[in-house]
1. Condition test on His85, is it open to solvent by less than 40 Å² (accessible area, probe 1.4 Å) and either closer than 29 Å to Leu7 by Cβ or at pLDDT below 95 (or both)?
2. Keeping to the range 48-82, report how many residues are open to solvent by 30 Å² or more (accessible area, probe 1.4 Å) and either in contact with a strand residue (DSSP E or B) (Cβ under 9 Å, 6 or more places away or on another chain) or assigned to a helix (DSSP H, G or I) (or both).
3. Which of the residues belonging to the range 127-167 are over 17 Å from Trp181 (Cα atoms) and of a type in the set (A, V, I, L, M)?
4. Between a first residue in the range 134-161 that is more than 22 Å from Pro188 (Cα to Cα) and a second residue that is of a type in the set (A, V, I, L, M, F, W, C) and outside any helix (DSSP H, G or I), which pairs have beta carbons less than 8 Å apart while being 6 or more apart in sequence or on different chains?
5. So if I check each of Leu101, Leu110, which one is modelled with pLDDT of 95 or more, part of a helix (DSSP H, G or I), open to solvent by 40 Å² or more (accessible area, probe 1.4 Å) and not acidic (Asp, Glu)?
6. Which of the residues that make up the range 155-179 are among the small types (Gly, Ala, Ser) and open to solvent by 40 Å² or more (accessible area, probe 1.4 Å)?
7. Determine whether Tyr92 is within 19 Å of Ile185 (Cα to Cα), among the hydroxyl-bearing types (Ser, Thr, Tyr) and either open to solvent by 40 Å² or more (accessible area, probe 1.4 Å) or not in a helix (DSSP H, G or I) (or both).
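The values are calculated or read from the model by the stated rules, or taken from the named source; none is laboratory data. As the structure is a prediction and not an experimental result, all values here were calculated from the model. Note that each Cβ is placed from the backbone with ideal geometry, even for glycine, and that neighbours are counted across all protein chains shown. Each accessible area value is taken on the protein alone, full model and side chains, heavy atoms only, with ligands, DNA and RNA left out. Shrake-Rupley method; radii C 1.70, N 1.55, O 1.52, S 1.80 Å.
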Amino acid sequence: MPLDSTLPLWLKLVFTLWVLVWAPTYWWLLGPQNYLWLCNMAHFLILAGLWSDSRWLLSMQWLAVALVGTLWGVDVGVAWLTGFHPIGGTEYMFDPAHPLLTRLMSLYHLFLPLVAGFAVWRLGYERRSLYPQVLLTWVMIIASYVISDVERNVNWVHGPFGMHQELLPPLVYLGALMVAWPMVILLPVHLLMRLAQRRGWWPG
């Protein structure tokens with residue numbers, strides 16, 4: 001399949017409109033610390049990647065959101081049908097203490113991988129995108145630990161699945177998280193993409 005050098009204008013405009021609505025709304029409802037979440041930061045990097053037709057940026061963010069969005073959707077879907085969270089971390093979607101608008105806008109976890117995936121399908125997957133995305137992930141994890149409030153547990157820097165952990169010393173847990181996130185979230189998607197490219201299932 002031949003690669004396209006540019007992405008459709010409609011996609012750029014629609015996603016720009018979404019970010020223009022989403023970003024100030026999240027700031028108003030949740031404050032600026034919420035942008036430290038990797039999936040929230042992905043909005044701005046995907047937007048930049050769309051307008052610059054950058055396969056580097058879009059491939060990086062495809063790694064960041066593909067598996068996270070899938071697991072988020074599975075957890076919400078199963079919990080909606082059964083009341084049981086098989087993974088955890090999405091309990092807030094069913095908590096009336098959180099504003100309904102916040103919960104509705106959080107459904108972006110479902111379409112963000114579609115946007116990034118479509119863009120990467122058009123431009124091709126950049127096989128060298130894993131390393132800069134790992135570096136960016138580490139930077140955001142450290143920033144979340146240093147800057148954000150402990151109770152927010154941004155990027156799960158104080159405990160997995162939205163919970164706070166006390167089993168390990170905080171810095172030991174943080175180090176383990178910095179190893180686990182690339183290994184569990186980023187690497188499987190990268191390896192699957194490389195396999196798909198070698199088999200001719202995905203352009204790039």
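1. On the way: open to solvent by less than 40 Å² (accessible area, probe 1.4 Å): no; either closer than 29 Å to Leu7 by Cβ or at pLDDT below 95 (or both): yes.
Here the answer is no, as His85 does not meet what is asked.
2. Taking the range 48-82 and keeping what is open to solvent by 30 Å² or more (accessible area, probe 1.4 Å), we get 48, 51-53, 55-57, 62, 67-68, 70-71, 74, 78, 80-82.
Now drop any that are not either in contact with a strand residue (DSSP E or B) (Cβ under 9 Å, 6 or more places away or on another chain) or assigned to a helix (DSSP H, G or I) (or both), which leaves 48, 51-52, 55-57, 62, 67-68, 70-71, 74, 78, 80-82.
Here the count works out to 16.
3. Val146, Ile147, Val150, Leu167
4. Cβ pairs passing all conditions: Ser144/Trp37; Ser144/Val157; Tyr145/Val157; Ser148/Val157; Asn153/Met163; Val154/Trp37.
5. Working: Leu101 fails: modelled with pLDDT of 95 or more.
Just one listed residue meets the conditions, Leu110.
6. We begin by selecting, within the range 155-179, every residue among the small types (Gly, Ala, Ser); these are 159, 162, 175-176.
Matches in the range 155-179: Gly162, Ala176.
7. Working: within 19 Å of Ile185 (Cα to Cα): no; among the hydroxyl-bearing types (Ser, Thr, Tyr): yes; either open to solvent by 40 Å² or more (accessible area, probe 1.4 Å) or not in a helix (DSSP H, G or I) (or both): yes.
It is false that Tyr92 is within 19 Å of Ile185 (Cα to Cα), among the hydroxyl-bearing types (Ser, Thr, Tyr) and either open to solvent by 40 Å² or more (accessible area, probe 1.4 Å) or not in a helix (DSSP H, G or I) (or both).
Every residue, every condition in (1) over 15 Å from the mean Cα position of the chain (by Cα); (2) closer than 14 Å to Phe118 by Cα; (3) modelled with pLDDT under 95; (4) of a type in the set (Asp, Glu), yes or no:
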{"residue": "Trp37", "(1), (2), (3), (4)": "no, no, no, no"}
{"residue": "Phe44", "(1), (2), (3), (4)": "no, no, no, no"}
{"residue": "Ser52", "(1), (2), (3), (4)": "yes, no, no, no"}
{"residue": "Trp62", "(1), (2), (3), (4)": "no, yes, no, no"}
{"residue": "Val65", "(1), (2), (3), (4)": "no, yes, no, no"}
{"residue": "Val68", "(1), (2), (3), (4)": "no, no, no, no"}
{"residue": "Gly73", "(1), (2), (3), (4)": "no, no, no, no"}
{"residue": "Gly77", "(1), (2), (3), (4)": "yes, no, no, no"}
